[in-house]
Amino acid sequence: MKRRLYVFATVSALVVGAAFVWLAVHDGQPLDRTLLAALVGMFCGVVCAGLITLVLWFLGRLSGGAPSPIALFPGEERLRELRANHLTKEESRGGRLLLTNQRVVFHPHRFATDQEPLVLPIAEIDEVRVSPEQLALVARGEVFRLLVTLSSDADLEALGAQLASMVQASRRA
């Protein structure tokens, strides 16, 4: 996708820049104004390509329908489902956080650029950290940060305690 965007932006910049140069030359402009027209044209081409790509991306996500529901495994029970953001180095992805008796699943909404769900089996979680509005899960040597939408910090503390007890129980099993 990124490569197509770069090609589209480059072609647009060259086409619009060439059009500006053609107009400047046919208008009898001196060389310095012709070069300025080429630079302005290439800048306009890149901006137009970016805007067109953004609109097409947005329409594609809008027409894609709702994200598929998270399928449960046999014997898996849905315990809680809430709105959350998965905070990564690149972006903050909005979506739904599903807590089951076997795993924690974050499913991003359709406008997130990264559509890959975050799936953490309870048995792989090493530590649960709770701070104001944030739940951090340590698993596989990484820290997965989730900004959870709850009515109070006490609800978040309760969620963290529930998850921590599930992690402890999975270690005993």
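The values are calculated or read from the model by the stated rules, or taken from the named source; none is laboratory data. Because the structure is predicted, anything quoted here is derived from the model rather than measured. Cβ atoms come from the backbone with ideal geometry, glycine included; neighbour counts cover every protein chain shown.
In region 26-56, which residues are polar (S, T, N, Q) and either at pLDDT 80 or above or outside any helix (DSSP H, G or I) (or both)?
Matches in region 26-56: GLN29, THR34.
What are the pairs, 6+ residues apart or on separate chains, where a residue within region 104-132 that is under 20 Å from LYS89 (Cα atoms) has its Cβ under 7 Å from a residue that is of a type in the set (Lys, Arg) and not in a loop (DSSP other than H, G, I, E, B)?
Pairs found: HIS107/ARG96; PRO108/ARG93; ARG110/ARG61; PHE111/ARG61; ALA112/ARG93; ASP114/ARG93; VAL119/ARG103; LEU120/ARG103.
So, of the residues in region 98-122 that are at pLDDT below 90 and farther than 16 Å from GLU142 by Cβ, which turns out to be surrounded by the fewest Cβ atoms within 10 Å (Cβ to Cβ)?
THR113
Looking only at region 79-97, how many residues end up being loosely packed, with under 14 Cβ neighbours inside 10 Å and of a type in the set (Asp, Glu)?
2
Would you say ALA164 is of a type in the set (Gly, Ala, Ser) and touching a residue at least 12 places away in the same chain (Cβ under 8 Å)?
Against the criterion (of a type in the set (Gly, Ala, Ser) and touching a residue at least 12 places away in the same chain (Cβ under 8 Å)), ALA164 qualifies.
Please determine whether any residue of region 40-63 is buried (at least 16 other Cβ atoms within 10 Å of the Cβ) and not assigned by TED's automatic domain parsing to the domain that holds LEU23.
Checking region 40-63: not a single residue is buried (at least 16 other Cβ atoms within 10 Å of the Cβ) and not assigned by TED's automatic domain parsing to the domain that holds LEU23.
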